[in-house]
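Coordinate-derived values only; no laboratory data. Not measured: the values here are computed from a predicted model.
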Amino acid sequence: MGKVSIALRGWRFDEEEVFDEDGELRPLEELPEETRQRLVRLTVVAGQPCDACWLIHGDENVEQCRVARVVYGEPLDEVVLCNVHERDFLYWFREAGGSDLVGSPEFKDRFHEWFADGNRAPEGYAGVEHVDTDPDAVPQPEPDVEMPTLEEEIEKLDDEELDDLGVGLDDLDL
């Protein structure tokens, strides 16, 4: 087994940590802490507008924002981006000092400041070429097996664990 992205590109998970030997999603309590934090956080950020689009259009025109397709950074300090703005982020990260902020609570804010100041990747700057390698090999749940949803698994967590993950139940469709 290898690494997989779930919901958004960027954060990668070891298949054997997330899926059991039958290809079923493991219960949250069986997952390592970092993996659990990222999976829970994905339930909040997946489907959100691209941060860069939001900086351009704001809340008043959020419908003009593209949906995020990639996530970078650490949970609660992540940057979510559409395919168009991913290369701007990569330029900031690789060439404009963003990599110096890995793990810092300033990571997201500093990218937002850089982008809001009008900075962009130069024309022709290469982003990342994403390659789907054997997507059919990712385990699929059995259709007739009743599996708890991630939201159901989150409901089992106590308030302190939810606070640590930065999840409010009103953020979820329960």
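See the values below:
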| read-out | value |
| --- | --- |
| ³J(HN,Hα) computed for each position of the stretch 108-122 - Karplus, 6.51 cos²θ - 1.76 cosθ + 1.60, integer Hz, glycine/proline x | 5, 4, 5, 5, 4, 4, 4, 5, 5, 6, x, 6, 8, 5, x |
| Separation of alpha-carbon centers, the stretch 42-98 and the stretch 21-35, rounded to whole Å | 27 Å |
| Using θ = phi - 60° and Karplus 6.51 cos²θ - 1.76 cosθ + 1.60, couplings along the stretch 51-64 (whole Hz; Gly, Pro as x) | 4, 5, 4, 5, 5, 7, 9, x, 5, 5, 10, 4, 5, 7 |
| Integer Hz, Karplus 6.51/-1.76/1.60 couplings in order for the stretch 11-23, x for Gly and Pro | 6, 10, 10, 6, 3, 5, 6, 8, 10, 7, 5, 8, x |
